[in-house]
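Structure, as structure tokens:
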Amino acid sequence: MASQVDAAELTKSLIQCASVTPDEGGALTLLETLLSEAGFECTRADRGEVSNLFARWGARGANKSFGFNGHTDVVPVGDEAAWSVPPFGAVEKDGMIWGRGATDMKSGVAAFAAAAIEFVQDTPPDGAVILTITGDEEGDAIDGTTALLEHMQKAGERMDVCLVGEPTCPNEMGEMMKIGRRGSMTAWFTVTGVQGHSAYPHRANNPLSAMVRLMDGLASAELDQGTEHFDASTLAVVTIDTGNGATNVIPAQSRACVNIRFNDSHTGASLTAWLEGEAAKVRDAFGVGIDMKVKISGESFITPPGELSALVAKSVEAITGRIPEMSTTGGTSDARFMKEHCPVVEFGLVGKTMHQVDERVETAQIHELKAIYKRILSDYFAG
């Protein structure tokens, strides 16, 4: 019998690593040591300023392989004076562990690392267990999971299925899993008119008139009414900036930004074309210049309900007594990259306090999550 790995204590150790993106903070080094000692073959897949860890137990190219994906980087603490505990102190009180990353997602990484170690040592499977852990999920995610996938391709490594350990449950442990995610894109607009005196508007061309019309049109548009597995797509105007401090001057330029979360009835390219068309209408109507820049953070994706989601749901129900809803709500995650490699779903603990001051997680949930992950591994390799 292998020695037990306390996932809650491992969570505390990881929280004490100040790994604000892109700083590694010692978190991946800690995990690499732990996993190596447990018989995992570990490789760093660092790129740029970002640290990434690939770990495999079992043979490369095994006939059956189960993968986990997660991240150890965290968002900044914000106003440290607003915290009631040290953000990287990993204080345990009131049945909870407190600190930046407690929920998102050092507890998830600790749970799947502990589950994987105990599983392969207690009941060595006929196959491979793979862990991919990045230090760049909260940032631009350019050199994180994408670098790990590039390493896997070059090294001939493969997962048959993947479980991302992001917090997926809104309020109660076990109530929700993710079988897909909406796409995400951001568009920046610059409207250029002609500056002038506000008393003589006919001698100017006010870019704000065009900008307001454009933003109202975009925000008022119904993109769709939802699809089989997705809610309706959304568009939010997130900023309009002119920077004009003079009340008697019509400005020359105005800038705005919108963020779109879209379902599988769209692609980033189709929405870009729609935005260009809407901008062209306003440009022609007002005689202004409109420049647009677009960043597509990820396309929507769906892993249709099937063997993988059923496997996860069965284990969640066995441990928590709840049958998880199969959802596609929320923001983006690194599942959007893993989907290019193999079928992927997400399941983790309750994420109510992620990114907040006094971020915290119930200690009991970490132990539950580890038990769920261990049950998933057992059922997967028994099948």
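Take the residues in the stretch 247-257 that are closer than 12 Å to MET215 by Cα and surrounded by 20 or more Cβ atoms within 10 Å (Cβ to Cβ); name whichever of them is farthest from the chain's Cα centre (by Cα). Show your work before the answer.
Taking the stretch 247-257 and keeping what is closer than 12 Å to MET215 by Cα, we get 254-257.
Restricting the remaining residues to those that are surrounded by 20 or more Cβ atoms within 10 Å (Cβ to Cβ) gives 254, 256.
Values: SER254: 31, ALA256: 25 Å.
Within the stretch 247-257, the match that is farthest from the chain's Cα centre (by Cα) is SER254.
Of all residues being hydroxyl-bearing (Ser, Thr, Tyr) and under 23 Å from VAL74 (Cβ atoms) in the stretch 167-195, which is surrounded by the most Cβ atoms within 10 Å (Cβ to Cβ)? Just the residue, please.
The first filter runs over the stretch 167-195 and keeps only residues hydroxyl-bearing (Ser, Thr, Tyr), leaving 168, 184, 186, 190, 192.
Next cut, under 23 Å from VAL74 (Cβ atoms) only: 168, 184, 186.
Working: THR168: 25, SER184: 19, THR186: 14.
Within the stretch 167-195, the match that is surrounded by the most Cβ atoms within 10 Å (Cβ to Cβ) is THR168.
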Note to self: Condition first: touching a strand residue (DSSP E or B) at 6+ places or on another chain (Cβ under 6 Å), part of a loop (DSSP other than H, G, I, E, B) and within 25 Å of GLU362 (Cα to Cα). Now tell me which residues in the stretch 137-167 satisfy that.
What the structure shows: GLU137, GLY165, GLU166
Item checked: Some residue of the stretch 260-274 being aromatic (Phe, Trp, Tyr) and either farther than 22 Å from GLY330 by Cβ or out of contact with any Phe, Trp or Tyr (no Cβ under 9 Å at 6 or more places or on another chain) (or both) -> yes
Check: Applying the selection to the stretch 258-273, what residues are of a type outside the set (Val, Ile, Thr) and surrounded by 15 or more Cβ atoms within 10 Å (Cβ to Cβ)?
Finding: ASN259, ARG261, PHE262, ASN263, ASP264, SER265, HIS266, GLY268, LEU271
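Given the criteria among the aliphatic types (A, V, I, L, M), modelled with pLDDT of 95 or more and under 21 Å from the mean Cα position of the chain (by Cα), does ALA45 qualify? Full working, then the answer.
Values: among the aliphatic types (A, V, I, L, M): yes; modelled with pLDDT of 95 or more: yes; under 21 Å from the mean Cα position of the chain (by Cα): yes.
Criteria met by ALA45.
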Next item on the list: Look through PHE88, PHE112 and report the one residue that is in a helix (DSSP H, G or I), crowded, with 16+ Cβ neighbours inside 10 Å, modelled with pLDDT of 95 or more and in the same structural domain as THR145 (by TED's automatic domain parsing).
Entry: PHE112
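What residue, among those in the stretch 351-383 that are among the acidic types (Asp, Glu) and assigned to a helix (DSSP H, G or I), is farthest from LYS106 (Cα to Cα)? Spell out the reasoning first.
Residues of the stretch 351-383 that are among the acidic types (Asp, Glu), as a first pass: 358-359, 362, 368, 379.
Checking the rest, the ones that are also assigned to a helix (DSSP H, G or I) come to 368, 379.
Working: GLU368: 15, ASP379: 25 Å.
Step by step, filter the stretch 351-383, then rank; the result is ASP379.
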Next item on the list: Give the residues of the stretch 352-383 that are surrounded by fewer than 24 Cβ atoms within 10 Å (Cβ to Cβ) and acidic (Asp, Glu), sorted by residue number.
Entry: ASP358, GLU362, GLU368, ASP379
Checklist line | Single residue of ALA199, ALA232 found to be in a loop (DSSP other than H, G, I, E, B), modelled with pLDDT of 95 or more and over 27 Å from ILE296 (Cα atoms) | finding: ALA199
Note to self: For the condition in a helix (DSSP H, G or I), in contact with a helix residue (DSSP H, G or I) (Cβ under 6 Å, 6 or more places away or on another chain) and either among the hydrophobic types (A, V, I, L, M, F, W, C) or in contact (Cβ under 8 Å) with a residue 40 or more places away in the chain (or both), what is the one hit in SER309, SER315?
What the structure shows: SER315
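The values are calculated or read from the model by the stated rules, or taken from the named source; none is laboratory data. Everything numeric here is computed off the predicted structure, so don't read it as measured data. Note: ideal-geometry Cβ built from the backbone for every residue, glycine included; neighbour counts use all protein chains shown.
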